[in-house]
Amino acid sequence: MKKKIEDHNGRRVHACVPELCEQLRKGGLDRREFLRTVTLLGVSAAAAYGMAGKILGGPAVKPARAAETPKRGGSLRWAMEVQEADDPARFDWTPKSNVTRHLVEYLCHTGPDNITRPYLAEGWEASDDLKTWTFKLRRGVKWSNGDDFGADDVIFNFKRWLNPKTGSSNIGLFSAMTEETKTGKKDDQGNPVMATRMTEGAAEKIDAHTVRLNLNTPVLSMPENLYNYPAAIVHRRFEEEGGDLSKNPVGTGAFALAEYRLRDKAVLRRRDGYWGPRPFLDEIVYSDLGGDQAAWLAALAAGQVDGIYEFSVNQLEMAEKLSGVEVHTATTAQTGVARMQVDKAPFTDKRVRQALQACMDHRELLKLAYGGKGAPGEDHHVSPIHPEYARLEPQKPDHGKAKRLLFEAGYRNGIKITIELGNTTGDWEQDAMRAFKEQCRPAGIDLTVKVVSSARYAEIWNKTPFGFTSWTHRPLGVMVLNLAYRTGVPWNESHYSNPAFDLALDEASATLDVNERRKKMARVQAMLQDDAVILQPLWRAVFSATGAKVRGYRLHPTLYHQFNEVWLS
């Protein structure tokens, strides 16, 4: 039995923290992974940076520049699509959450530095086996309607997320808190129909400000999962009071929703009684200027807005030449995947999927579609910047292999296929797929690239048999794999179902040792790559821009807006 270890405040420190310190000291763990892991295990960010600095013989981070004195007041005007803002648990695009994250908040907060810190939870402890997580909630937090925030709110949210009727993608992230049960019904083949539900006692109220999560299998990433954008904490009477945040905007956040018009405008105003430090801004205004990112940049240059959500790599050169405009760049695990629904013909035949895969020259597509600003994809959705990434044998295009696979699948004279996309993150998407169309031609694959509006694609992204879907950055590869490829989860747009993959993913998610986790991830990545579920051309850097008077803004790799410390000069 491991000895109970406490910090200088008498709080329990996970028994693996000394081991992680020793790994950092010996060079078996880099600083970034050390900081990320020990903060997940409950060590405060300040203490973690201090540990790293002491072990490495110097400061863990570069000294910050002398800060300007922030000014209070003013209205921050931001260009971004104003999408539905009804139920955070069902959000499927980041801009939806950027409006509501100023109203409703998260238990944890992952910053641009990839470090997860307390938020509505003031701290947490993990059991040595990573199956029990105890979250201490902040006291004195008030909802905007005057109610006290507490454990009942958190338990309510977990029950909603893990109820399949809610339709929340969170059910994939928190699958360790669910179980399969028989419904008593049978399908057309006579097999029992199973249903997912939250395991009894998985979310336990200890007292008014303490919640314990009891997992069926170990999970290291629980705090990071709680900052996934659909994991915002809504009021315990959210459903009773209509289940629509845009119509009943009760939250714990620093701002109140003053005006909301779908695809037009959202206005947020600072409210009194906020539990945290008072934000500098008086108002945030989101303006929907349509889907033309060049027009967003033009509006910024003209002083009509103070910042823009994102712009395409194709506008980077133009943006860098604009006077009074600051360009922000982040290295990310943002990507786009050409995913095939494996239960829809012709993609039911793995050989067809593998033939398409054999045509893709990932490095060439990165250069042609994204100017080399990123990294080539590897068709398994785990990025080289993810800490658990395992390097596999590099992929190479092979048109001879593609032809053989199609011949074996019965397509002796080639095949015609259509892919749909919506340029939801810029016209690089169509550039990538049109270049891929030419790469497919030598194998006898006639690929039609059908471009629809971004709004239309948002409606069909999980319905079209072959579609190109943008996926945002997440700090861990296991997070996106749990969301997108685990059997039966709401965001499994490919309809992929492989029990062996699910089990291997569970094992990787439960492994604390970095090097051992990479070994397990190598198997996970190889399974997804071999099954040819997705064609992933590239990983992309992301770009945003602000006007000269915006201060304190840092581009989050997930494009999350964290404006409480932003101010206007």
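Taken together, the values in this text are just the output of simple stated rules run on the coordinates, not laboratory data. All values derive from a computational prediction rather than experimental measurement. When we count neighbours, we look across all protein chains shown, and the Cβ atoms used for this are built from the backbone with ideal geometry, even at glycine.
Extension gain for Glu125-Thr448 works out to 111.1 nm (0.36 nm per residue, less the C-alpha to C-alpha distance). Take the Cβ atoms of Leu262 and Thr210, set R0 to 41 Å, and the FRET efficiency comes out at 0.60. Across region 45-53, computed HN-Hα scalar couplings (Karplus, 6.51 cos²θ - 1.76 cosθ + 1.60, θ = phi - 60°) run 4, 4, 5, 5, 4, x, 4, 4, x Hz from first to last residue, x flagging Gly and Pro. If you plug the beta carbon distance of Lys247 and Asn314 into 1/(1 + (r/R0)^6) with R0 = 35 Å, you get a FRET efficiency near 0.40. Sorting Glu122, Glu81 from the fewest to the most surrounding beta carbons within 10 angstrom yields Glu122, Glu81. Amide H contacts of Thr199 (H built 1.01 Å from N, in plane; Pro and chain starts excluded): Thr178, Glu179 sit under 5 Å, all sequence-distant by 5 or more or on other chains.
Restriction of the GluC sites (Glu not before Pro) in region 141-214 to DSSP coil positions whose beta-carbon has at most 12 other beta-carbons within 10 angstrom yields Glu200.
Here is the size of region 354-472 from its Cα atoms: Rg then Dmax, 15.0, 44 Å. Could you tell me which residue out of Thr424, Ile460, Ala435 lies farthest along the dipole of region 380-464 toward its positive end? Charges go on the beta carbon: Lys and Arg +1, Asp and Glu -1, centred on the Cα centre. Among Thr424, Ile460, Ala435, the one farthest towards the positive end of the dipole of region 380-464 is Ala435.
Based on the reciprocal of the average 1/r between different C-alpha atoms, the Kirkwood radius for region 331-541 equals 17.1 Å. Here the extension length gained between Thr132 and Ala295 equals 53.7 nm, from 0.36 nm per residue of separation less the Cα-Cα distance. Residues whose amide H falls under 5 Å from that of Tyr496, counting only those 5 or more places apart or on a different chain, are Val342, with hydrogens built in the peptide plane. Annotation for Arg404 and Leu392: the two label points, set 7 Å from Cα along the Cα-Cβ direction, are 1.9 nm apart. Our coupling estimate for region 480-488, obtained by passing each phi through the Karplus curve with A = 6.51, B = -1.76, C = 1.60 and θ = phi - 60°, is 5, 5, 5, 6, 10, 10, 6, 4, x Hz, Gly and Pro reported as x.
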